[in-house]
1. Identify, please: which residue in the stretch 18-39 is assigned to a loop (DSSP other than H, G, I, E, B) and not aliphatic (A, V, I, L, M) and is, among those, surrounded by the fewest Cβ atoms within 10 Å (Cβ to Cβ)?
2. If the requirement is being outside any loop (DSSP other than H, G, I, E, B), touching a Leu at 6+ places or on another chain (Cβ under 6 Å), over 24 Å from PRO31 (Cα atoms) and hydrophobic (A, V, I, L, M, F, W, C), which of these qualifies: ALA83, ALA45?
3. Residues of the stretch 56-77 being touching a helix residue (DSSP H, G or I) at 6+ places or on another chain (Cβ under 7 Å) and either at pLDDT below 80 or within 17 Å of VAL9 (Cα to Cα) (or both), which ones?
4. So which residues in the stretch 14-42 are closer than 15 Å to VAL66 by Cβ and either at pLDDT 95 or above or of a type in the set (Val, Ile, Thr) (or both), if there are any at all?
5. Mind counting the residues in the stretch 27-59 that are free of Cβ contacts under 8 Å to residues at least 60 places away in the same chain, under 23 Å from GLN102 (Cα atoms) and of a type outside the set (Phe, Trp, Tyr)?
6. Name the residue, out of ALA116, ALA84, ALA78, ALA92, that is out of contact with any His (no Cβ under 7 Å at 6 or more places or on another chain), more than 24 Å from LEU34 (Cα to Cα) and without any contact (Cβ under 8 Å) to a residue 40 or more places away in the chain.
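The values are calculated or read from the model by the stated rules, or taken from the named source; none is laboratory data. These numbers come from a predicted model, not from an experiment. Note that each Cβ is placed from the backbone with ideal geometry, even for glycine, and that neighbours are counted across all protein chains shown.
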Amino acid sequence: MRLLLDTHVLLWWLADDAALEAAGRALIADPDNLVHVSAASVWEAEIKAGLGRLELASDVILADHVAGEGFTEVAITAVHGSAAARLPAHHADPFDRMLVAQARTERLTLVTGDAAILSGYDVDTISV
């Protein structure tokens, strides 16, 4: 399976947070699954950390952790931008809209706990 991690799922994974249920953890750890992380997730987390809305250690560079985990980075392209802009307005968060657009465009399954994504968009998802 080709997975795209929502930002909160990525952060839970990296922090070994109990909020990531065992089934989600097993899915990400399964070597048969290809795990992708969007540049939008790294961008979102770093912005929130800079604003004081997310606590990251000062020496944490998320891009390094994504690479260290062996995850595949999904860059943001013009095609993704266009697809995100054309999504129905179920969700105001531009980062989440980008993740949905990337999952749809790249045929990835979005791993998320976000109810607005799970119920609002025509995209393959796995709820964690």
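1. My answer is ASP32.
2. Going through ALA83, ALA45 in turn, the sole match is ALA45.
3. LEU56, LEU62, ALA63, HIS65, VAL66, GLU73, VAL74
4. Across the stretch 14-42, the qualifying residues are ILE28, LEU34, VAL35, HIS36, VAL37, SER38, ALA39, ALA40, SER41, VAL42.
5. The qualifying residues number 16.
6. ALA92
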